[in-house]
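Some notes on the structure that comes next.
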Amino acid sequence: MINEHQQPPVGDEPGIDPSIWRGMTQRRISRRQLGTGVGALGLGAFLAACGVKGASTTGGSTPAGGVGSSSWWAKQKLTNTVNFANWPYYIDVLNGKHPSLEHFTQTTGIQVTYTEPINNNLPFYAKIRPSLQAKQYTGFDIIVMTNNSPPLGYLIDFGWLTPLDQSMMTNFYKYAGPLIKNPAWDRGNKYTMAWQSGWTAIGYNSSVIKNPGTSVDILFDKKYAGKVGMMNDPQELGSLGLLAIGVEPATSTESDWAKAAKKLQQQKSDGIVRAYYDQSYIDHLKNGDTVVTQAWSGDIFQADLNSKYKNLKLLIPNEGGMFWTDNMCIPMYAQNPKAAMKLMDFYYDPQSQAVVEYYNDYVCPVPAAKQVLLQPTGWAQTTLKEMGPSIGLPTSTTANAPTVFPTPQYIQNSRPYYQYKSQEELNAWNNLFLPITQGA
């Protein structure tokens, strides 16, 4: 767990001022508490802006015959093992085991070593970076990285991710949903396949707020002065400010940022904001300190399943909710890339995703998994029935949740984060939004 004002242990990453990292670190404890950071930043542009020369990047194109090319993949042997690194509490569990992984092994003969070493994108990147620099195996064949955090951009731009074998993505191209296919952070899904996604939107207490409306304006309503929670992460705060002034964060300008900061500062000056929170915001919403707050979709969904907190609801406003995705990818020098591809594509089978989703309750990358949850068949039917007592809810609850299987309106209201093009831009953003969170 990293304090947001500590510099992550990024080793000898050249030219990055410690102040740049403020607000970049992400608190993340479980599948129910997913934080977000800053927009994915291309490392080449970042280092160039820092005045660092000679940083060799190879991302963006695959040389003929090079790693990740069709001929390279054709030479790879299918091994009987794969090492998968993920975030904690982010995959199906039953009696201390992972049913989906067990089924994968039963049907393919491939043994999976599944570990949960990723609690934050930046420290994990720092952990594997020395091996990648030395052109050595990281110990992992699959890692899961968030699209709106810098390390994913670093890995791509340094050429430290293996381009995927598109011919092995049969389930992906048949079943992947529109929110994660051909994403802005990885056109053509050259390096990534989504694991799970979520929104940063608005949570509110429906016993107090009977008519929340459909706008982010509720967070600026003086009627709720002293009872409004905002996030202390400058990326989340600034993105909300931009939505509030009618500007798309992804295409915003520094002039827009200044206007958004002014609106947020006025919100603070008017005494509307109770405090600027990290992920503890959910506790303050639960205990009544706040009645409306910036929130993460998974937290509100899970709270609503608890009879004690049935009054907590999620609003994805007309202006939009900020949409983030955790992505499976294969680091360079992986020892079992073909087995990794088989496992990654296995999770795009609707039955596999249905099992994962019944446990996770985040945004499912496979819309067809909804039907499996409503009418289970095959191995998923048996597994879901066995999982039922420990989950304590019918599978239809997950299937019918718009925060798990988004409605067209939810999809339409999903917004991508701004992607910084230079250190100066990131400095400018932080200099505008960080001061707002201080002294309150």
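Summarising the label geometry, the points placed 7 Å from Cα in the beta-carbon direction at K210 and S269 lie 3.4 nm from one another.
When the charge dipole of region 130-195 is built from unit charges on Cβ atoms (+1 for Lys and Arg, -1 for Asp and Glu) and taken about the Cα centre, the candidate among M193, I180, N147 whose Cα reaches farthest toward its positive end is I180. Annotation: aspartates and glutamates with alpha-carbon distance below 20 angstrom to K308 (same-chain offsets under eight excluded): D283, D289, D299, D361. Estimated at 0.36 nm per residue, the fully extended path between Q133 and Y114 surpasses their Cα-Cα distance by 4.4 nm. Taking a ≥ b ≥ c as the square roots of the Cα gyration tensor eigenvalues, region 114-272 comes out prolate, since a/c reaches at least 1.5 and a/b is larger than b/c.
Its Cα centre serving as origin, the chain has a Cβ charge dipole (Lys and Arg +1, Asp and Glu -1) of approximately 340 debye. Summing +1 for each Lys or Arg and -1 for each Asp or Glu among the other residues whose beta-carbon sits under 15 angstrom from that of R187 gives 0.
With springs only between Cα atoms under 10 Å apart, run a GNM on the chain and tell me which of A225, A399, A260 wobbles the most. Between A225, A399, A260, it is A225 that shows the largest mean-square fluctuation. By the rule of a C-alpha distance below 19 Å, with chain neighbours fewer than 8 residues away ignored, the aspartates and glutamates paired with K259 are D217, D221, D233, E236, E248, D270, E319, E424, E425.
In plain terms, the residue of M145, M332, M341 with the fewest other Cβ atoms within 10 Å comes first and the most crowded comes last, giving M332, M341, M145. At a Cα cut-off below 25 Å, give the lysines reachable from K370, other chains included and same-chain residues fewer than 8 away excluded. Within the straight-line limit of under 25 Å, K370 reaches these lysines: K97, K174, K181, K310, K313, K342, K385. Across W199, W296, W73, mean-square fluctuation computed from a Gaussian network of the chain (C-alpha pairs under 10 Å connected) peaks at W73.
With a ≥ b ≥ c the root eigenvalues of the C-alpha gyration tensor of region 283-440, is it rounded (a/c under 1.5), prolate (a/b larger than b/c) or oblate? Note, shape of region 283-440 comes out oblate. Tally Lys/Arg at +1 and Asp/Glu at -1 over every other residue whose Cβ is under 11 Å from the Cβ of C364; what's the total? Once positives and negatives cancel, what remains is -1.
Each stretch of four or more DSSP H residues adds -39500 (n - 2.57); spread over every residue of the chain, this sum gives -10500 deg cm²/dmol at 222 nm.
The antiparallel fraction among DSSP beta bridges confined to the chain stands at about 65%. Report the antiparallel proportion of the DSSP beta bridges in region 200-295 as a percent, rounded to a multiple of 5. Of those bridges, close to 40 percent are antiparallel. Largest GNM mean-square fluctuation across P249, P350, P130, computed for the chain with C-alpha springs under 10 Å, falls on P130.
Apply the a/c threshold of 1.5 to the C-alpha gyration tensor of the chain and tell me whether it is rounded, prolate or oblate. Oblate.
Bear in mind these aren't lab numbers, they're just calculated from the coordinates by the rules spelled out. Computed from a predicted structure; not experimentally measured. Positions of Cβ are generated from backbone atoms using ideal geometry, with glycine treated the same way; all protein chains shown enter the neighbour counts.
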